[in-house]
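Read the structure below first, then the notes.
The values are calculated or read from the model by the stated rules, or taken from the named source; none is laboratory data. Everything numeric here is computed off the predicted structure, so don't read it as measured data. Please note: Cβ atoms are built from the backbone with ideal geometry, for glycine as well, and neighbour counts cover all protein chains shown. All accessible areas refer to the heavy atoms of the entire protein, side chains included, with ligands and DNA or RNA removed. Shrake-Rupley method; radii C 1.70, N 1.55, O 1.52, S 1.80 Å.
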Amino acid sequence: MKKILHNKLLYRDALLCTVMTFVVAGLLYFAFVNLSILDPFERAFKDFKFTDIFYSKRFNKEQRNDKIIIVNIKHSDRFQIAEAINTIAEQNPKVIGLDIIFKERKQEFIDSILKNTLHRHENIVTAYFNDNDSIINNHDYFKLNAEKKGFINLNLKGQNTVIREFIGVKGEDEKEYSFATKIALEADFITEEYALKELKKPIPINYIGNKDVFLNFEIEEVLSSDKIPAFKDAVVLLGYLSDGNEAYDIEDKHFTPLNEAWVGRATPDTYGVVIHANILNMLSQKSLMYRISVFSTYVLAFVLCFFSIFFGMKIYKRNSFVFDITEKLVQLIISVVFLYLALVLLQVNIYINVVPIILLCLLGLEMIDYYEHLVIQLNKKYGWESHLL
(Lines give C-alpha, C1' and ligand atoms only; values in the text may rest on other atoms or scores of the structure.)
Protein backbone atom coordinates (compact mmCIF):
# COMPACT_ATOMS: atom_id res chain seq x y z
CA MET A 1 0.00 0.00 0.00
CA LYS A 2 2.83 2.32 0.90
CA LYS A 3 4.54 1.58 -2.44
CA ILE A 4 1.33 2.42 -4.35
CA LEU A 5 1.06 5.71 -2.44
CA HIS A 6 4.67 6.57 -3.24
CA ASN A 7 4.08 5.83 -6.93
CA LYS A 8 1.01 8.08 -6.97
CA LEU A 9 3.01 10.82 -5.28
CA LEU A 10 5.82 10.35 -7.80
CA TYR A 11 3.42 10.78 -10.74
CA ARG A 12 1.89 13.83 -9.10
CA ASP A 13 5.30 15.34 -8.32
CA ALA A 14 6.52 14.73 -11.85
CA LEU A 15 3.38 16.35 -13.27
CA LEU A 16 3.59 19.40 -10.98
CA CYS A 17 7.31 19.79 -11.62
CA THR A 18 6.63 19.65 -15.38
CA VAL A 19 3.99 22.38 -15.05
CA MET A 20 6.45 24.39 -12.94
CA THR A 21 9.10 23.91 -15.65
CA PHE A 22 6.76 25.26 -18.35
CA VAL A 23 5.82 28.27 -16.20
CA VAL A 24 9.46 29.12 -15.49
CA ALA A 25 10.38 28.56 -19.17
CA GLY A 26 7.54 30.90 -20.20
CA LEU A 27 8.74 33.63 -17.83
CA LEU A 28 12.32 33.28 -19.03
CA TYR A 29 11.20 33.43 -22.66
CA PHE A 30 9.07 36.52 -21.95
CA ALA A 31 12.07 38.24 -20.35
CA PHE A 32 14.35 37.11 -23.17
CA VAL A 33 12.08 38.54 -25.86
CA ASN A 34 11.17 41.80 -24.12
CA LEU A 35 14.48 42.96 -22.63
CA SER A 36 16.17 45.15 -25.24
CA ILE A 37 19.62 44.33 -23.86
CA LEU A 38 19.08 40.74 -25.03
CA ASP A 39 18.12 41.69 -28.62
CA PRO A 40 21.43 40.52 -30.17
CA PHE A 41 21.02 37.11 -28.52
CA GLU A 42 17.39 36.84 -29.65
CA ARG A 43 18.40 37.63 -33.23
CA ALA A 44 21.19 35.07 -33.10
CA PHE A 45 18.73 32.39 -31.94
CA LYS A 46 16.22 33.36 -34.65
CA ASP A 47 19.05 33.06 -37.17
CA PHE A 48 19.82 29.49 -36.08
CA LYS A 49 17.90 26.23 -36.22
CA PHE A 50 19.39 22.89 -35.20
CA THR A 51 17.95 21.40 -38.39
CA ASP A 52 20.25 23.66 -40.44
CA ILE A 53 22.99 21.14 -39.63
CA PHE A 54 21.15 18.66 -41.85
CA TYR A 55 21.54 20.89 -44.90
CA SER A 56 24.89 22.58 -44.21
CA LYS A 57 26.61 19.23 -43.73
CA ARG A 58 24.55 17.52 -46.43
CA PHE A 59 23.38 14.65 -44.21
CA ASN A 60 20.84 14.11 -46.96
CA LYS A 61 22.82 12.43 -49.73
CA GLU A 62 23.53 14.90 -52.50
CA GLN A 63 21.12 14.40 -55.38
CA ARG A 64 21.96 15.85 -58.76
CA ASN A 65 19.02 16.96 -60.86
CA ASP A 66 19.91 17.38 -64.53
CA LYS A 67 16.31 18.09 -65.57
CA ILE A 68 16.41 21.48 -63.83
CA ILE A 69 19.09 23.56 -65.54
CA ILE A 70 20.32 27.03 -64.60
CA VAL A 71 21.80 29.48 -67.09
CA ASN A 72 23.86 32.28 -65.53
CA ILE A 73 22.93 35.50 -67.34
CA LYS A 74 25.61 37.52 -65.48
CA HIS A 75 25.12 41.20 -66.44
CA SER A 76 24.33 40.43 -70.06
CA ASP A 77 22.45 42.94 -72.18
CA ARG A 78 18.93 42.33 -73.49
CA PHE A 79 20.12 41.31 -76.93
CA GLN A 80 22.27 38.52 -75.44
CA ILE A 81 19.40 37.39 -73.21
CA ALA A 82 17.03 37.30 -76.21
CA GLU A 83 19.55 35.26 -78.22
CA ALA A 84 20.04 32.86 -75.31
CA ILE A 85 16.26 32.36 -75.00
CA ASN A 86 16.03 31.59 -78.72
CA THR A 87 18.92 29.09 -78.53
CA ILE A 88 17.39 27.35 -75.52
CA ALA A 89 13.90 27.28 -77.06
CA GLU A 90 15.26 25.52 -80.17
CA GLN A 91 16.21 22.55 -77.95
CA ASN A 92 12.54 22.00 -76.93
CA PRO A 93 12.70 22.46 -73.15
CA LYS A 94 9.54 21.96 -71.10
CA VAL A 95 9.61 25.47 -69.63
CA ILE A 96 11.92 28.48 -69.73
CA GLY A 97 11.81 30.44 -66.46
CA LEU A 98 13.10 34.02 -66.47
CA ASP A 99 14.25 35.12 -63.02
CA ILE A 100 14.66 38.58 -64.51
CA ILE A 101 12.50 41.71 -64.49
CA PHE A 102 12.68 44.14 -67.43
CA LYS A 103 11.09 47.02 -65.56
CA GLU A 104 11.93 49.86 -67.95
CA ARG A 105 12.56 50.58 -71.62
CA LYS A 106 16.14 51.00 -72.78
CA GLN A 107 17.22 50.85 -76.44
CA GLU A 108 14.33 50.78 -78.88
CA PHE A 109 15.80 48.32 -81.39
CA ILE A 110 17.14 45.84 -78.82
CA ASP A 111 13.93 46.08 -76.78
CA SER A 112 11.93 45.19 -79.88
CA ILE A 113 14.09 42.09 -80.42
CA LEU A 114 13.53 41.02 -76.81
CA LYS A 115 9.79 41.67 -77.10
CA ASN A 116 9.52 39.55 -80.25
CA THR A 117 11.49 36.77 -78.55
CA LEU A 118 9.19 36.74 -75.52
CA HIS A 119 6.12 36.61 -77.77
CA ARG A 120 7.55 33.90 -80.02
CA HIS A 121 7.79 31.19 -77.37
CA GLU A 122 4.73 30.02 -75.44
CA ASN A 123 6.58 28.08 -72.71
CA ILE A 124 8.11 31.11 -71.00
CA VAL A 125 7.34 31.95 -67.36
CA THR A 126 8.22 35.49 -66.29
CA ALA A 127 8.73 37.00 -62.84
CA TYR A 128 7.48 39.88 -60.73
CA PHE A 129 8.23 41.13 -57.22
CA ASN A 130 5.82 42.21 -54.48
CA ASP A 131 7.29 45.29 -52.79
CA ASN A 132 5.00 46.11 -49.87
CA ASP A 133 1.87 47.55 -51.52
CA SER A 134 3.35 47.82 -55.01
CA ILE A 135 4.35 45.30 -57.66
CA ILE A 136 7.64 45.47 -59.56
CA ASN A 137 6.73 44.00 -62.91
CA ASN A 138 7.99 43.83 -66.47
CA HIS A 139 7.38 47.06 -68.37
CA ASP A 140 4.05 47.01 -70.22
CA TYR A 141 6.00 46.91 -73.50
CA PHE A 142 7.26 43.40 -72.67
CA LYS A 143 4.03 41.98 -71.29
CA LEU A 144 2.57 38.97 -73.05
CA ASN A 145 -1.08 38.47 -74.03
CA ALA A 146 -1.56 35.41 -71.80
CA GLU A 147 1.41 35.99 -69.54
CA LYS A 148 2.47 33.16 -67.28
CA LYS A 149 4.22 34.70 -64.32
CA GLY A 150 5.05 34.12 -60.66
CA PHE A 151 6.31 36.21 -57.75
CA ILE A 152 10.00 35.82 -56.88
CA ASN A 153 9.75 37.00 -53.26
CA LEU A 154 11.63 34.50 -51.11
CA ASN A 155 11.61 35.95 -47.63
CA LEU A 156 8.23 35.52 -45.93
CA LYS A 157 8.86 38.21 -43.30
CA GLY A 158 10.47 40.80 -45.54
CA GLN A 159 13.62 40.80 -43.41
CA ASN A 160 17.16 39.72 -44.16
CA THR A 161 16.89 36.36 -42.43
CA VAL A 162 17.53 32.76 -43.38
CA ILE A 163 15.31 31.46 -46.21
CA ARG A 164 13.88 28.23 -44.81
CA GLU A 165 10.30 28.35 -46.09
CA PHE A 166 8.22 29.37 -49.06
CA ILE A 167 4.57 29.95 -49.91
CA GLY A 168 3.47 28.61 -53.28
CA VAL A 169 0.04 30.27 -53.55
CA LYS A 170 -1.24 33.57 -52.14
CA GLY A 171 -4.65 35.19 -52.17
CA GLU A 172 -8.20 33.93 -52.14
CA ASP A 173 -10.17 35.46 -55.01
CA GLU A 174 -7.21 36.44 -57.18
CA LYS A 175 -4.59 33.73 -56.84
CA GLU A 176 -0.91 34.57 -57.01
CA TYR A 177 1.59 31.81 -57.68
CA SER A 178 5.24 31.78 -56.73
CA PHE A 179 7.78 31.63 -59.55
CA ALA A 180 8.70 27.98 -58.85
CA THR A 181 5.04 26.98 -58.42
CA LYS A 182 4.04 28.54 -61.76
CA ILE A 183 6.91 26.75 -63.52
CA ALA A 184 5.94 23.45 -61.85
CA LEU A 185 2.37 23.92 -63.10
CA GLU A 186 3.51 24.68 -66.65
CA ALA A 187 5.89 21.69 -66.62
CA ASP A 188 3.07 19.40 -65.39
CA PHE A 189 5.03 18.53 -62.26
CA ILE A 190 1.94 19.37 -60.20
CA THR A 191 -1.71 20.16 -60.84
CA GLU A 192 -3.51 23.36 -59.89
CA GLU A 193 -5.66 21.35 -57.47
CA TYR A 194 -2.50 20.10 -55.74
CA ALA A 195 -1.07 23.63 -55.57
CA LEU A 196 -4.22 25.10 -54.03
CA LYS A 197 -4.45 22.28 -51.50
CA GLU A 198 -0.81 21.96 -50.43
CA LEU A 199 1.01 25.23 -51.12
CA LYS A 200 -1.09 27.96 -49.46
CA LYS A 201 0.75 27.76 -46.15
CA PRO A 202 4.45 28.23 -45.33
CA ILE A 203 6.34 25.05 -46.21
CA PRO A 204 9.95 24.22 -45.25
CA ILE A 205 12.16 24.11 -48.35
CA ASN A 206 13.63 20.65 -48.87
CA TYR A 207 17.08 21.77 -50.04
CA ILE A 208 19.11 19.19 -51.98
CA GLY A 209 22.13 21.48 -52.33
CA ASN A 210 23.60 24.61 -53.84
CA LYS A 211 24.13 25.33 -57.54
CA ASP A 212 26.51 22.37 -57.98
CA VAL A 213 23.66 19.85 -57.71
CA PHE A 214 22.02 21.40 -60.76
CA LEU A 215 23.41 21.37 -64.26
CA ASN A 216 24.37 24.98 -64.99
CA PHE A 217 25.79 26.90 -67.94
CA GLU A 218 27.27 30.33 -68.45
CA ILE A 219 25.38 32.44 -70.97
CA GLU A 220 28.48 32.52 -73.21
CA GLU A 221 28.35 28.72 -73.46
CA VAL A 222 24.74 28.88 -74.62
CA LEU A 223 25.40 31.63 -77.17
CA SER A 224 28.42 29.85 -78.63
CA SER A 225 26.68 26.47 -79.01
CA ASP A 226 24.40 25.41 -81.84
CA LYS A 227 22.95 22.52 -79.87
CA ILE A 228 22.84 21.60 -76.19
CA PRO A 229 21.00 18.24 -75.86
CA ALA A 230 20.64 18.63 -72.08
CA PHE A 231 17.98 21.32 -72.59
CA LYS A 232 15.55 18.92 -74.26
CA ASP A 233 12.51 18.26 -72.01
CA ALA A 234 14.23 20.08 -69.15
CA VAL A 235 13.16 23.14 -67.16
CA VAL A 236 15.67 25.91 -67.87
CA LEU A 237 15.98 28.82 -65.44
CA LEU A 238 17.73 32.01 -66.51
CA GLY A 239 19.03 33.94 -63.53
CA TYR A 240 22.04 35.52 -61.89
CA LEU A 241 24.89 33.32 -60.63
CA SER A 242 27.66 35.94 -60.22
CA ASP A 243 29.69 37.81 -62.77
CA GLY A 244 33.18 36.79 -61.76
CA ASN A 245 34.29 36.71 -58.14
CA GLU A 246 31.53 34.72 -56.47
CA ALA A 247 33.09 34.90 -52.98
CA TYR A 248 32.48 38.66 -52.79
CA ASP A 249 29.36 38.87 -54.95
CA ILE A 250 26.16 39.24 -52.92
CA GLU A 251 23.79 40.42 -55.66
CA ASP A 252 20.52 38.46 -55.40
CA LYS A 253 22.18 36.26 -52.80
CA HIS A 254 20.48 35.06 -49.62
CA PHE A 255 21.15 33.28 -46.36
CA THR A 256 19.92 29.67 -46.38
CA PRO A 257 20.43 26.52 -44.26
CA LEU A 258 23.07 25.50 -46.83
CA ASN A 259 25.43 27.99 -45.18
CA GLU A 260 28.18 26.13 -43.31
CA ALA A 261 28.19 28.86 -40.65
CA TRP A 262 25.25 27.89 -38.43
CA VAL A 263 25.33 31.10 -36.40
CA GLY A 264 26.82 34.53 -36.98
CA ARG A 265 26.32 34.26 -40.72
CA ALA A 266 28.24 37.13 -42.34
CA THR A 267 28.00 36.41 -46.07
CA PRO A 268 24.91 35.21 -47.98
CA ASP A 269 25.47 31.78 -49.47
CA THR A 270 22.86 31.00 -52.15
CA TYR A 271 21.63 32.88 -55.22
CA GLY A 272 17.92 33.42 -55.64
CA VAL A 273 17.65 31.34 -58.81
CA VAL A 274 19.21 28.37 -56.97
CA ILE A 275 16.61 28.66 -54.21
CA HIS A 276 13.89 28.62 -56.88
CA ALA A 277 15.56 25.54 -58.39
CA ASN A 278 15.51 23.76 -55.01
CA ILE A 279 11.81 24.57 -54.57
CA LEU A 280 11.11 23.40 -58.11
CA ASN A 281 12.99 20.15 -57.47
CA MET A 282 10.88 19.58 -54.37
CA LEU A 283 7.67 20.20 -56.32
CA SER A 284 8.77 18.01 -59.23
CA GLN A 285 9.16 15.07 -56.84
CA LYS A 286 6.24 16.09 -54.60
CA SER A 287 8.67 15.71 -51.70
CA LEU A 288 7.09 18.39 -49.51
CA MET A 289 8.24 18.64 -45.93
CA TYR A 290 5.54 17.76 -43.40
CA ARG A 291 5.78 20.21 -40.52
CA ILE A 292 4.73 19.04 -37.08
CA SER A 293 2.52 21.82 -35.70
CA VAL A 294 3.56 24.09 -32.85
CA PHE A 295 0.76 22.69 -30.68
CA SER A 296 1.83 19.08 -31.32
CA THR A 297 5.46 20.03 -30.68
CA TYR A 298 4.66 21.45 -27.25
CA VAL A 299 2.41 18.52 -26.36
CA LEU A 300 5.28 16.21 -27.22
CA ALA A 301 7.65 18.45 -25.25
CA PHE A 302 5.35 18.25 -22.22
CA VAL A 303 5.18 14.44 -22.38
CA LEU A 304 8.94 14.00 -22.82
CA CYS A 305 9.67 16.58 -20.13
CA PHE A 306 7.33 14.71 -17.77
CA PHE A 307 9.12 11.40 -18.30
CA SER A 308 12.54 13.05 -17.98
CA ILE A 309 11.50 14.48 -14.62
CA PHE A 310 9.78 11.24 -13.59
CA PHE A 311 12.91 9.12 -14.03
CA GLY A 312 15.10 11.93 -12.73
CA MET A 313 13.07 12.01 -9.51
CA LYS A 314 13.40 8.24 -9.15
CA ILE A 315 17.18 8.49 -9.27
CA TYR A 316 17.16 11.60 -7.07
CA LYS A 317 15.12 9.82 -4.39
CA ARG A 318 17.40 6.78 -4.31
CA ASN A 319 20.66 8.71 -4.28
CA SER A 320 20.85 12.48 -4.74
CA PHE A 321 24.64 12.31 -5.08
CA VAL A 322 24.39 9.90 -8.04
CA PHE A 323 21.76 12.19 -9.58
CA ASP A 324 24.02 15.24 -9.24
CA ILE A 325 27.02 13.59 -10.90
CA THR A 326 25.00 11.98 -13.71
CA GLU A 327 22.62 14.88 -14.41
CA LYS A 328 24.88 16.64 -16.93
CA LEU A 329 25.65 13.38 -18.70
CA VAL A 330 21.93 12.59 -18.98
CA GLN A 331 21.26 16.10 -20.30
CA LEU A 332 23.97 15.64 -22.93
CA ILE A 333 22.54 12.27 -23.96
CA ILE A 334 19.02 13.74 -24.21
CA SER A 335 20.29 16.60 -26.41
CA VAL A 336 22.22 14.31 -28.75
CA VAL A 337 19.44 11.71 -29.03
CA PHE A 338 16.65 14.24 -29.68
CA LEU A 339 18.76 16.16 -32.20
CA TYR A 340 19.67 12.93 -33.99
CA LEU A 341 16.01 11.88 -34.12
CA ALA A 342 15.06 15.28 -35.57
CA LEU A 343 17.68 14.86 -38.31
CA VAL A 344 16.45 11.32 -39.02
CA LEU A 345 12.90 12.67 -39.38
CA LEU A 346 14.18 15.25 -41.87
CA GLN A 347 15.45 12.41 -44.04
CA VAL A 348 11.86 11.19 -44.38
CA ASN A 349 10.60 14.77 -44.98
CA ILE A 350 9.21 15.39 -41.48
CA TYR A 351 10.20 18.71 -39.93
CA ILE A 352 9.98 19.30 -36.19
CA ASN A 353 11.30 22.22 -34.19
CA VAL A 354 13.29 20.17 -31.70
CA VAL A 355 14.74 23.13 -29.75
CA PRO A 356 11.85 23.65 -27.28
CA ILE A 357 11.70 19.89 -26.63
CA ILE A 358 15.40 19.72 -25.77
CA LEU A 359 15.41 22.92 -23.70
CA LEU A 360 12.33 21.97 -21.67
CA CYS A 361 13.67 18.48 -20.91
CA LEU A 362 17.02 19.94 -19.79
CA LEU A 363 15.32 22.62 -17.70
CA GLY A 364 12.98 20.02 -16.19
CA LEU A 365 15.91 18.07 -14.74
CA GLU A 366 17.35 21.28 -13.31
CA MET A 367 13.99 22.12 -11.73
CA ILE A 368 13.92 18.96 -9.55
CA ASP A 369 16.15 20.60 -6.91
CA TYR A 370 13.98 23.72 -6.84
CA TYR A 371 10.83 21.63 -6.69
CA GLU A 372 12.22 19.76 -3.68
CA HIS A 373 12.85 23.05 -1.84
CA LEU A 374 9.30 24.13 -2.66
CA VAL A 375 7.66 20.95 -1.34
CA ILE A 376 9.78 21.10 1.84
CA GLN A 377 8.31 24.52 2.58
CA LEU A 378 4.81 23.34 1.70
CA ASN A 379 5.26 20.32 3.97
CA LYS A 380 6.29 22.49 6.91
CA LYS A 381 3.37 24.86 6.48
CA TYR A 382 0.60 22.63 5.18
CA GLY A 383 1.79 19.06 5.68
CA TRP A 384 2.16 18.58 1.93
CA GLU A 385 3.19 15.06 0.92
CA SER A 386 5.74 14.36 -1.72
CA HIS A 387 7.70 11.41 -3.10
CA LEU A 388 10.89 13.39 -2.54
CA LEU A 389 10.36 13.79 1.25
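Observations on the model:
- With every protein chain in place and a 1.4 angstrom probe, the accessible-area ranking of ARG105, ARG120, largest first, reads ARG120, ARG105.
- Full-stretch length increase - TRP384, THR161 - with 0.36 nm per residue and alpha-carbon distance subtracted: 75.3 nm
- Förster radius 51 Å - calculated FRET efficiency between LYS227 and VAL294 (Cβ-Cβ, nearest 0.05): 0.45
- Amide H within-cut-off set for PHE166, under 5 Å, with H built and near neighbours excluded: ILE203, ILE205
- Cα centroid separation, region 299-336 to region 104-119 (Å): 69
- Subtracting the Cα-Cα distance of ASP369 and ARG105 from their residue separation scaled by 0.36 nm leaves 87.9 nm.
- Cα long-axis angle, helix 272-284 against the chain (0 to 90 degrees, to the nearest 10): 80
- Against the criterion of solvent-accessible heavy-atom surface with a 1.4 angstrom probe, VAL125, VAL19, VAL24 sort, most first, into VAL19, VAL24, VAL125.
- A straight chain from ASP66 to ALA146 at 0.36 nm per residue would run longer than the Cα-Cα distance by 25.9 nm.
- For the chain, excluding the exposed loop sites themselves (GluC sites (Glu not before Pro), DSSP loop, at most 16 other Cβ atoms within 10 Å), the longest remaining stretch covers 261-384.
- Option label - log10 I(q)/I(0) by the Debye sum over Cα atoms at q = 0.10, 0.11, 0.14 Å⁻¹ computed here, alternatives [x] -0.64, -0.76, -1.15; [y] -0.75, -0.90, -1.47; [z] -0.75, -0.84, -1.18: [z]
- If R0 is taken as 56 Å, the Cβ-Cβ distance between LEU196 and GLN377 corresponds to a FRET efficiency of 0.45.
- Applying 1/(1 + (r/R0)^6) with R0 = 56 Å to the Cβ-Cβ distance of ILE136 and ARG318 gives a FRET efficiency near 0.25.
- Here's how it looks for VAL71: its modeled amide H is under 5 Å from those of PHE217, LEU237, LEU238, GLY239, which are all 5 or more places away or on a different chain.
- Taking PHE142, PHE323, PHE231 in turn, the Gaussian network model of the chain (Cα-Cα springs below 10 Å) assigns the largest fluctuation to PHE323.
- Nearest 10 degrees, 0 to 90: helix 320-347 Cα axis against the chain principal axis: 20
- Between 0 and 90°, nearest 10: helix 78-89 axis offset from the chain longest Cα axis: 80
- Take every DSSP beta bridge whose two residues both sit in the chain; close to 30 percent of them are antiparallel.
- Per-residue [θ]222 nm for the chain (sum of -39500 (n - 2.57) over DSSP H runs n ≥ 4, rounded to 500): -15500 deg cm²/dmol
- Rough spin-label spacing in nm, given labels placed 7 Å along Cα→Cβ, for LEU15 and VAL344: 3.0
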